[in-house]
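The values are calculated or read from the model by the stated rules, or taken from the named source; none is laboratory data. This is a predicted model, so every value here is computed, not measured. Here the Cβ is made from the backbone with ideal geometry for all residues, glycine too, and neighbour counts use every protein chain on show. Calculation scope for accessible area: heavy atoms of the full protein, side chains included, ligands and nucleic acids excluded. Shrake-Rupley method; radii C 1.70, N 1.55, O 1.52, S 1.80 Å.
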Amino acid sequence: MTRMIAERMELTNENFRQWLEPIYSKNTVNTGLATISRLEKNLAKLGLPYIDLDTAFEADGVEQVRLALEEIKQDARVGGERFRILMPDATDPMRRLHGYFYWLRRYTSFRKGEPVEADEDPVVLFDGAGKSFKPVRVRNQTTGVEAYRIKPEGASNETEEAIEQQDIVVVVRALLIDGRAVRIRETGINGTSYFKFPGRLVAYRLRPDIAEALDLPIEGGSRPPVTQAETPVPLPMPTPTNLILYGPPGTGKTYRTAAEAVRLCDGAIPDTRDGTMARYRGLVEAGQIRFVTFHQSYSYEDFVEGLRPETGSSADGTGFRLEPRRGIFREIATLAEQARKKGSPSAPFDLAGRSVYKMSLGRAGSEDHIYEAAILGGYAVLGWGGSEDWSAPEYENYQVVFDRWNQIEPGTPGNSGNIVQLWRFRSMQVGDLIVVSEGNLRFRAVGEVTGPYRYDPTDAVDYAHRRDVRWLLVLDEPLPVEEIYDKQFSQASCYRLADEQLKREALARLLPGAPAATGPAVPDQFVLIIDEINRANISKVFGELITLIEPDKRLGRPGEITVRLPASGDSFGVPDNLHIVGTMNTADRSIALLDTALRRRFSFEELMPNPSLLNKASRQCGVDLVALLTGINARIEYLFDREHQIGHAYFMDCASRTDVDDVMRHRVIPLLAEYFYEDWGKVALALGDPNGERFLERTALKPPAGLAEEGAEERARWSVRPNFVSSAYPVSL
């Protein structure tokens, strides 16, 4: 029996060797085999009931092995010596323990039959939030060569200043040992940036051969990175909702969508209608609910993204350029994805007592290196103010700043940026917030001022004035300014945003608040309401979203899918905390005509007239509205169909007989005339007034001379009575 086990282990090890050899050196392969063999020999000493890792794999016990290693790691951190079970002579156990975690993951991938390249990037980097990044090759537009890029000390982010390098070992050395910034990309995100380690990046994971070449641990940094074998328990996310409420006009679809949106965001709705609508307005203000109405001209470019002309000089000298502009769906999806990454704090960010300033950190598109350096370095920088050091206490006074600058440049007015914007930047208080603009319509970061003004001319020329900043929010995709402010930004580099136009709740929701006291919570939920969803060309408007909105294909779900958008080229997916609620008026278009692909991806809930809701209104106005509406709808269904009934909402606010008359005269009768294509005889039948004695007046029309002799039929002229007869309605008891 022992011989059979040994032979099986030998065969498995040989297969594992062959699996590793395509991407690892001989020494690295031998290290991996030796580590796995040592782990298998000591499973019993670790308190595990498996004779080898194959047995553990077959019994779904690999996680138990990992947890046993985790216990050893925690014990070593506090000075314990349980690590000597695996490494009797080790003097640096933490470094070697990372190797056990690594090779256990590799062995698990091998047993699962995954390709050896799966999840085997040369280097993976992590920031403080656990997001992962990788060095990327960038094509040189002049030579056409793709290479990794290292930024020399003091250089800008311009491509021509970068050191091009093909050897990933040299790149990792520059990043982890020399402290150079390297061009990297967040996993799954299109854009690239130069980041240092440490800095925003705080942890790493290396392929063993690279770790060996540089004499570095396989994993390291100031926090344990999230690895495949150490994936945290996912947050309990609600299932994404795709819902269409359909029915005749006046059945309460609009209110129902508001209530449904509040329920999806909060998990429950208030007890009263007024409370529900107040909460709905609050969620709209916070940016968690957006509303759009479809119409015949609505397009994909309005909904997802499209090219829109922007004024200003362009490369071909035409005076304008076409820029990708995000539609309402992509904007709310960006908000939802930001919330999904951030998680949900137990309390919103505290804005009390803080002023909020708008700042431009360099010109968007032409000076992005100024912005990226500020984000990486944890500061804000201003280009106004010249080469003067304004840190002296007397410059807290505007007049002193004005007088000093006029000594430098006599005759300078007080609205000059060198005076007023420098003074604003100088006057910020620690704790105030800075919103970094991208043009006049979007913002891309929010930070908290953490230090006083200082003069620091060491880096970028013309940007010598700084404040230390803790960046609370750095967006992969800039958001529209209207998410947090009622006006678009002005061109000024630095100014205070008006309190009355600042959407404080929306801004607070975007920023990290107090951590949840009871562990991870569900991220904020978002709802897009699409009114009259059937009035647009659904296939044209939704495009590839028809696939992306399926619940199992959302971001954060096992089958998540992203696509490359045609206008911007960005990678895009739909977050699983974004819900879609649509309404459809069946009198406008039958549900049978709705796009089949859309029907498969939405659930449908019918809302029909409910006359019983009119009992209170009936008592108030003295008219039996329940009987009135029931009778009209029964006749409509007989004469036309059930989808063209009259909704109860038309009568909900009636408090008198006059109110009922107004609803009948101005809303119900014109709607019936539309339903029956101006066939007033059928309108009269639907009203239960076939002879024109209650709501309508029927006047006989005799055939004109020449037709009477031929036996022409008598016709009728119909008109709405100026005053309905007193017995027009059934009386409420």
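For the residues 658, 630, the requirement of being more than 23 Å from residue 273 (Cβ to Cβ) and over 46 Å from the mean Cα position of the chain (by Cα) singles out 658.
The set of residues from region 267-306 being buried (at least 17 other Cβ atoms within 10 Å of the Cβ), closer than 20 Å to residue 502 by Cα and not hydroxyl-bearing (Ser, Thr, Tyr) comprises 279, 283, 284, 286, 287, 288, 289, 290. Looking across region 375-403 at every residue that is among the charged types (D, E, K, R) and not in a helix (DSSP H, G or I), the one that is farthest from residue 466 (Cα to Cα) is identified as 388. So is residue 663 under 17 Å from residue 586 (Cα atoms), out of contact with any strand residue (DSSP E or B) (no Cβ under 8 Å at 6 or more places or on another chain) and free of Cβ contacts under 8 Å to residues at least 40 places away in the same chain or not? Spelling it out, it is not the case that residue 663 is under 17 Å from residue 586 (Cα atoms), out of contact with any strand residue (DSSP E or B) (no Cβ under 8 Å at 6 or more places or on another chain) and free of Cβ contacts under 8 Å to residues at least 40 places away in the same chain. Number of residues in region 546-575 that are closer than 20 Å to residue 596 by Cβ, of a type outside the set (D, E, K, R) and either assigned to a helix (DSSP H, G or I) or modelled with pLDDT under 85 (or both) equals 4. For region 38-62, the set of residues classified as more than 44 Å from the chain's Cα centre (by Cα), assigned to a helix (DSSP H, G or I) and surrounded by 14 or more Cβ atoms within 10 Å (Cβ to Cβ) consists of 38, 40, listed by residue number. Taking residue 443, is it modelled with pLDDT of 85 or more and either under 17 Å from the mean Cα position of the chain (by Cα) or assigned to a loop (DSSP other than H, G, I, E, B) (or both)? Criteria met by residue 443.
Here residue 411 fits the description: free of Cβ contacts under 8 Å to residues at least 60 places away in the same chain, of a type in the set (Gly, Ala, Ser) and more than 17 Å from residue 379 (Cβ to Cβ).
So for region 474-495 (the condition being in a strand (DSSP E or B) and touching a Gly at 6+ places or on another chain (Cβ under 8 Å)), does at least one residue qualify? Yes - at least one qualifying residue is present in region 474-495. Please work out if residue 528 is of a type outside the set (Asp, Glu), at pLDDT 85 or above, crowded, with 21+ Cβ neighbours inside 10 Å and within 21 Å of the chain's Cα centre (by Cα). Judged against the criteria, residue 528 is a match. Residues that are buried (at least 17 other Cβ atoms within 10 Å of the Cβ) and in a loop (DSSP other than H, G, I, E, B) were ranked within region 70-100; the one that is modelled with the lowest pLDDT is 87. Residue pairs whose Cβ atoms lie under 9 Å apart, sitting 6 or more positions apart in sequence or on different chains, and linking a residue in region 372-392 that is closer than 30 Å to residue 185 by Cβ to a partner that is among the β-branched types (Val, Ile, Thr) and open to solvent by 20 Å² or more (accessible area, probe 1.4 Å), are 375/474; 378/450.
Residues are listed down the side, and each one gets a yes or a no for (1) more than 20 Å from residue 341 (Cα to Cα); (2) without any contact (Cβ under 8 Å) to a residue 40 or more places away in the chain; (3) buried (at least 19 other Cβ atoms within 10 Å of the Cβ):
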site: 437; (1), (2), (3): yes, no, yes
site: 443; (1), (2), (3): no, no, yes
site: 447; (1), (2), (3): no, no, yes
site: 453; (1), (2), (3): yes, no, yes
site: 462; (1), (2), (3): yes, no, no
site: 468; (1), (2), (3): yes, no, no
site: 478; (1), (2), (3): no, no, no
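Mind checking whether some residue in region 531-545 is crowded, with 20+ Cβ neighbours inside 10 Å, among the small types (Gly, Ala, Ser) and closer than 30 Å to residue 451 by Cβ? Looking through region 531-545, none of the residues is crowded, with 20+ Cβ neighbours inside 10 Å, among the small types (Gly, Ala, Ser) and closer than 30 Å to residue 451 by Cβ. Looking at region 625-644, is at least one residue farther than 24 Å from residue 727 by Cβ, open to solvent by 50 Å² or more (accessible area, probe 1.4 Å) and not in a helix (DSSP H, G or I)? Yes, region 625-644 contains at least one residue that is farther than 24 Å from residue 727 by Cβ, open to solvent by 50 Å² or more (accessible area, probe 1.4 Å) and not in a helix (DSSP H, G or I).
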